[in-house]
Every structure is written in C-alpha cells, then in structure tokens.
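K.L.:
Here it is, the structure in full.
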Amino acid sequence: MAPPLLHNTHGSGQASEWVQRWSHLVQPGGRVLDVACGAGRHARWFAARGHPLTLVDRNAEALSALTGLGEVVCADIEGGPWPFAGRVFDAVVVTHYLWRPLMPTLLASLAPGGVLIYETFAQGNETVGKPARPDFLLQNGELLRHCAPLRVVAYEDGFLPEPARFMQRIVAIREAGQPDAGLPRYALSALP
C-alpha cells in the first residue's frame, strides 16, 4: 500500500512546474483525469484552462473542497476496483504518488492522442527525507520502462534542491496512429 499522503501539503498550493510546463500538450477542452489529486492543485490549474475534470482520491475530506470542479470520485484505487473501467481520458496527471500495479491501467486510460504527465519521488530520496521506502521510490529509468509503448516527449530523473528531493518525471503520448497526418509536432514549450 502507498504511504498515506499529507493532504495539507499534497495537492495544495500551486500546480507543479512540470505539470504547468507540459499541460499545453493536452488538447483544448480535453478531459483530464487527476489521480490521487489531494487538495486539487492540478485540478484547479486545468479547470482554469477550460478542461473538464475527473478527480480521484481516497481522502473524502480533501475531495470535499473540490466540489464543483468536475467529476469527483472517492475511491481506494489500490485496494478496490478501478472506478473508470472502460473509460479513456485526454490526459492522465499523477504527482507524488506511486502504486506500481496501477501503471498498466493508467496507460490504458489514455485516449488516442492522450498525454500522461507523471512525476514522483525516485531512488535517492531516502537520503534527504520521505518517502524513503523503496516501495515508494521509482527505480532508475522506471518511468521510461513503463511508458515504452508511448511516445516519450520529455523525461527527467534527478535531484531538485528546494525542497531537497529526488524526482523522476515523464510526459508521454499515446499517439493516435494517423500515418497520413505526417510527423506529429509536440511543442517543447507552450506556444505564445
């Protein structure tokens, strides 16, 4: 089981820089699934950009503050069934959360052209703080291996100083498979 999340910090405040940097890849008006959304910092970011939202977390108290932002689902996605079976999304966003058995389900939840924006703690974090258990830390290159079926647009694996943490993050796209459309152009920064 994943570590309990501190919802007074997880999901509060400003959207992560990683999510902000890559959110432009989500098609305009595309439905976003925010997994383990906490207090909804990423939900608010995407709502402000006109995206319909589906939010899931196991903490009903944290979710109560998100009423009106979109579809809000309280579910134990580790111990119970996946509440979105058969559904796909234009983006799946996951930050500061790792439950390895869920990875195939998250990838299968991407619609053609859908974007996975994922970041969480990596090996080495045990030297600077929590989480520190190997179950909760990505191994070297792990997100790359999970996302092998997708088109990886961006990947980082390293140390961030403020606050001190080891992170791994990826942006990957389930390409739509339109061979006559030419090579896709995934902008590496938001267009003006």
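The values are calculated or read from the model by the stated rules, or taken from the named source; none is laboratory data. What you are looking at is a predicted structure, and each value in this text was computed from that prediction instead of being measured. Neighbour counts run over all protein chains shown; Cβ positions are idealised from the backbone, glycine included. These area figures cover heavy atoms from the full protein model, side chains too; ligands, DNA and RNA do not enter into them. Shrake-Rupley method; radii C 1.70, N 1.55, O 1.52, S 1.80 Å.
K.L.:
The conditions are (1) assigned to a helix (DSSP H, G or I); (2) aromatic (Phe, Trp, Tyr); (3) in contact (Cβ under 8 Å) with a residue 60 or more places away in the chain, and Tyr97 fails exactly one of them. Which is it?
P.N.:
(1)
K.L.:
Quick one: would you say Pro149 is touching a residue at least 40 places away in the same chain (Cβ under 8 Å) and over 16 Å from the mean Cα position of the chain (by Cα)?
P.N.:
Working: touching a residue at least 40 places away in the same chain (Cβ under 8 Å): yes; over 16 Å from the mean Cα position of the chain (by Cα): yes.
For Pro149, the condition - touching a residue at least 40 places away in the same chain (Cβ under 8 Å) and over 16 Å from the mean Cα position of the chain (by Cα) - is met.
K.L.:
Let me ask you something else. Give region 169-185 a look and list any residue that's within 26 Å of Glu156 (Cα to Cα), open to solvent by less than 60 Å² (accessible area, probe 1.4 Å) and modelled with pLDDT under 90, or say none.
P.N.:
Result: Ala176, Pro184.
K.L.:
Go over the candidates Ala43, Ala75, Ala36, Ala65 one by one and state the one that is modelled with pLDDT under 95 and closer than 30 Å to Ala132 by Cβ.
P.N.:
Details: Ala43 fails: modelled with pLDDT under 95; Ala75 fails: modelled with pLDDT under 95; Ala36 fails: modelled with pLDDT under 95.
Answer to the check: Ala65.
K.L.:
Could you check region 1-24 and list, in sequence order, the residues that are modelled with pLDDT of 95 or more and surrounded by 23 or more Cβ atoms within 10 Å (Cβ to Cβ)?
P.N.:
Val19, Trp22
K.L.:
Quick check on Glu119: is it assigned to a strand (DSSP E or B), among the charged types (D, E, K, R) and in contact with a Phe, Trp or Tyr (Cβ under 8 Å, 6 or more places away or on another chain)?
P.N.:
So Glu119 fits the description; yes.
K.L.:
Can you spot a residue in region 115-126 that is under 9 Å from the mean Cα position of the chain (by Cα), hydroxyl-bearing (Ser, Thr, Tyr) and open to solvent by 10 Å² or more (accessible area, probe 1.4 Å)?
P.N.:
no
K.L.:
Same structure, new question: Where residues in region 50-101 are within 12 Å of Asp34 (Cα to Cα) and of a type in the set (Asp, Glu), which of them is surrounded by the most Cβ atoms within 10 Å (Cβ to Cβ)?
P.N.:
Asp57
K.L.:
Are any residues in region 30-75 in a strand (DSSP E or B), of a type in the set (A, V, I, L, M) and within 15 Å of the chain's Cα centre (by Cα), and if so, which ones? Before you say what the answer is, go through the steps one by one.
P.N.:
First, pick out the residues of region 30-75 that are in a strand (DSSP E or B): 32-35, 53-57, 71-74.
Then keep just the ones that are of a type in the set (A, V, I, L, M); that gives 32-33, 35, 53, 55-56, 72-73.
Those that are in a strand (DSSP E or B), of a type in the set (A, V, I, L, M) and within 15 Å of the chain's Cα centre (by Cα): Val32, Leu33, Val35, Leu53, Leu55, Val56.
K.L.:
Now, a different point. Would you check if there is a residue in region 76-94 being under 15 Å from the mean Cα position of the chain (by Cα), part of a loop (DSSP other than H, G, I, E, B) and closer than 27 Å to Phe166 by Cα? It would help to see each step written out before you state the result.
P.N.:
So the first thing to find is which residues in region 76-94 are under 15 Å from the mean Cα position of the chain (by Cα), and the list is 77, 88-94.
Subsequent filtering for residues that are part of a loop (DSSP other than H, G, I, E, B) retains 77, 88.
Checking the rest, the ones that are also closer than 27 Å to Phe166 by Cα come to 77.
Yes.
K.L.:
Okay, next question. In region 75-97, which residues are in contact with a helix residue (DSSP H, G or I) (Cβ under 7 Å, 6 or more places away or on another chain) and more than 21 Å from Ile173 (Cβ to Cβ)?
P.N.:
Ile77, Trp82
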